[in-house]
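In what follows, a structure is listed as structure tokens, so that the remarks can point back to it.
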Amino acid sequence: MSQSPVVIIGAGPAGLTAAHELTKFGASAIVLEADNLVGGLSRTVRYRDFRFDIGGHRFFSKIPQINALWKEILGDEFLFRPRLSRIYYQGHFFAYPLKAMNALVGLGPVEALLVGLSYLRARMLPHEQEINFEQWVSNRFGRRLYKIFFKTYTEKVWGMPCAEISAEWAAQRIKNLSLSEALRNALFNHRHTKDGQLITTLIEAFHYPRLGPGMMWERCEELLLNHHSSVLRGVRVEQIRHTHGRVESIIGRTSRGEHVEFSGPHFISTMPLRDLVFTLNPAPPDTILRAAQRLRYRDYVTVILIVNRTEVFPDNWVYIHSPEVKLGRIQNYKNWSVDMVPDPSRTSLGLEYFLWEHDREWQWTDEQLIALGIRECSHIGLIAPTDVEDGTVVRMPKAYPVYDHGYQENLATLRHYLATFTNLQPIGRNGLHRYNNQDHSMLTGIYAARNVCGGTYEVWSVNTEQEYHEAEQSPQRFTEREVPVRLYKGADASALASVPLPEES
């Protein structure tokens, strides 16, 4: 095998795992990362010695190899954490996973009866075809429960009606769970389906790095340096030059604006598939470009509030299903690891908003977004505006690959075209346009590395069995302009509640 390093685009979980695996075969890698932090969405961002996770990342896998790799990289810095998550809906908090008495009290006996009747109707008269998310969920939970606990939140996340979301996404994310299985768990504490499959949606504990998920990938970066590999931050790929079905080199631009070129025998890419196609030089045929253009990605904003309270709520995270607020989910980083917060008298909250880049909220100033977060948290009743002493914002473009009705056809077109390249492998969530969890993304990196070293692994086969899924995410865009900056402190922060938002001005 050539001693020239393998060139890897992206220092997220998939890219770094590929590089780490290559070192085990005596090979080396150069990892190009456009951003100033490693880890993709599975990074830890720091602000005033507060650490926060972008989305919340549970470390749980049914893949023994991945569990062993996590332990190999991080050693004793793993915590074993209890899970507590709830759903906020119409002024009530509902335990998730479902607990019978909690749901009964929250919904009330009349609504609970109607939910039961709706479920029975769905069992007797199900949708004959399960084309979209709405049909898939309604068949398993009944239409009434679908509207209460699935519709609003899902449409917040994806920015489109549930009838436009592919049923495949539901099959990936809610595999093995139905109302009957949830009730069995609530009444009898079962964690498996009748045929013995573990219901990972109901997992009540998980591992987590002591200083957040970025700790894993920063440590991995250190290990690579010890094995003659390197991670170059601040290098954004602009061109992938190829000829006769082989990639020859990659042209990138550094954060200083300088052009750099990297050649090698093999190339691995975790960049969004749409971007990969438009970066190829010479450009692909128009049919390929059109298919790439039709792939869509959901964007994502985290508003961080530093709250002058020892405790706010006991959960790791809370899903916000109420339609009167834009807020989708709230992370409580202190409840993931106490070391995420430098001062035990303070709490940091991560307010998650799911957007498109063309949405007006995406263009709002950080002050306006923080003001929105304070107002909506106050509306829910979690905090008072005067509790907030500081805040910051992180924007994450192309966070989630979208499973709309046309994506499978477009993806198949691109996959067929990319198969003509003999030394280019796309991997990871955005690289494959597949809503993988971190462990599956890592497995694609392992497969790609082994293929470089003579293996014949099918990277695209990872996760197609839909055996289990968690609920978290990992994209790879975080530019220098998105580094958190201090905005307000002390009494000034509470004044954000009166900052006029664009629609009010």
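The values are calculated or read from the model by the stated rules, or taken from the named source; none is laboratory data. Quantities reported herein were computed from a predicted structural model and do not represent experimental measurements. So basically every Cβ, Gly included, is an ideal-geometry build from the backbone, and we count neighbours across all protein chains shown.
Residue by residue, here is whether (1) hydrophobic (A, V, I, L, M, F, W, C); (2) in a helix (DSSP H, G or I) holds:
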position: Ala14; (1), (2): yes, yes
position: Ala18; (1), (2): yes, yes
position: Thr23; (1), (2): no, yes
position: Gly26; (1), (2): no, no
position: Val31; (1), (2): yes, no
position: Val38; (1), (2): yes, no
position: Val45; (1), (2): yes, no
position: Phe52; (1), (2): yes, no
position: Ile73; (1), (2): yes, yes
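Considering every residue within region 216-224, establish whether at least one is touching a residue at least 24 places away in the same chain (Cβ under 8 Å), acidic (Asp, Glu) and not assigned by TED's automatic domain parsing to the domain that holds Ala34.
Taking region 216-224 first, the residues touching a residue at least 24 places away in the same chain (Cβ under 8 Å) are 216-221, 223-224.
Filter once more, keeping what is acidic (Asp, Glu): 218, 221.
Still in the list and also not assigned by TED's automatic domain parsing to the domain that holds Ala34: none.
No, region 216-224 contains no residue that is touching a residue at least 24 places away in the same chain (Cβ under 8 Å), acidic (Asp, Glu) and not assigned by TED's automatic domain parsing to the domain that holds Ala34.
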Could you figure out which of (1) surrounded by 14 or more Cβ atoms within 10 Å (Cβ to Cβ); (2) not in a helix (DSSP H, G or I) isn't true of Trp136? (2)
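Among the residues in region 276-293, are any acidic (Asp, Glu) and closer than 30 Å to Val388 by Cα? Working first, answer last.
If we filter region 276-293 for residues that are acidic (Asp, Glu), which is where we start, we get 286.
So of that shortlist, the ones also closer than 30 Å to Val388 by Cα come out as none.
The answer is no, given that none of the residues of region 276-293 is acidic (Asp, Glu) and closer than 30 Å to Val388 by Cα.
Let me confirm something: among Arg415, Arg434, Arg429, which residue is assigned to a loop (DSSP other than H, G, I, E, B) and either under 13 Å from Val303 (Cα atoms) or assigned by TED's automatic domain parsing to the domain that holds Arg246 (or both)? Reasoning before the result, please.
On the way: Arg415 fails: assigned to a loop (DSSP other than H, G, I, E, B); Arg429 fails: assigned to a loop (DSSP other than H, G, I, E, B).
The unique qualifying residue is Arg434.
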Return a yes/no flag: does region 44-57 have any residue that is of a type in the set (Asp, Glu) and buried (at least 24 other Cβ atoms within 10 Å of the Cβ). yes
Could you identify the single residue in Thr444, Thr422, Thr392 that is among the β-branched types (Val, Ile, Thr), outside any helix (DSSP H, G or I) and in the same structural domain as Trp217 (by TED's automatic domain parsing)? Thr422
Condition broken by Leu32, with the remaining ones in (1) surrounded by 24 or more Cβ atoms within 10 Å (Cβ to Cβ); (2) in contact with a helix residue (DSSP H, G or I) (Cβ under 8 Å, 6 or more places away or on another chain); (3) of a type outside the set (S, T, N, Q); (4) more than 17 Å from Tyr400 (Cα to Cα) satisfied: (2)
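If we keep just the residues of region 333-360 that are touching a Pro at 6+ places or on another chain (Cβ under 8 Å) and of a type in the set (S, T, N, Q), which is surrounded by the most Cβ atoms within 10 Å (Cβ to Cβ)?
Start the filter on region 333-360 by keeping residues that are touching a Pro at 6+ places or on another chain (Cβ under 8 Å), which leaves 335, 337-338, 357, 360.
Keeping just the survivors that are of a type in the set (S, T, N, Q) gives 335, 337.
On the way: Asn335: 21, Ser337: 18.
Only one residue tops the list, namely Asn335.
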At pLDDT below 95, closer than 30 Å to Lys24 by Cα and not assigned by TED's automatic domain parsing to the domain that holds Ser61, is that true of Glu470? yes
Starting from region 426-443, take each residue that is over 15 Å from Glu21 (Cα atoms) and of a type in the set (Val, Ile, Thr) and list its partners that are assigned to a helix (DSSP H, G or I) and modelled with pLDDT of 95 or more, counting only C-beta distances under 6 angstrom and pairs at least six apart or across chains. none
Evaluation of Val105 against (1) modelled with pLDDT of 85 or more; (2) over 30 Å from Ser337 (Cβ atoms) (one fails), failing number: (1)
Check region 215-235 and report whether any residue there is farther than 26 Å from Ser441 by Cβ and either assigned to a helix (DSSP H, G or I) or in contact with an Asp or Glu (Cβ under 8 Å, 6 or more places away or on another chain) (or both). no
Residue check: is Tyr300 within 17 Å of the chain's Cα centre (by Cα), within 25 Å of Arg58 (Cβ to Cβ) and at pLDDT below 95? yes
Residue within region 363-380 that is without any contact (Cβ under 8 Å) to a residue 40 or more places away in the chain and in a helix (DSSP H, G or I) present: yes
Condition test on Gly455, is it more than 15 Å from Leu22 (Cα to Cα), out of contact with any Lys or Arg (no Cβ under 7 Å at 6 or more places or on another chain) and either among the small types (Gly, Ala, Ser) or not in a helix (DSSP H, G or I) (or both)? no
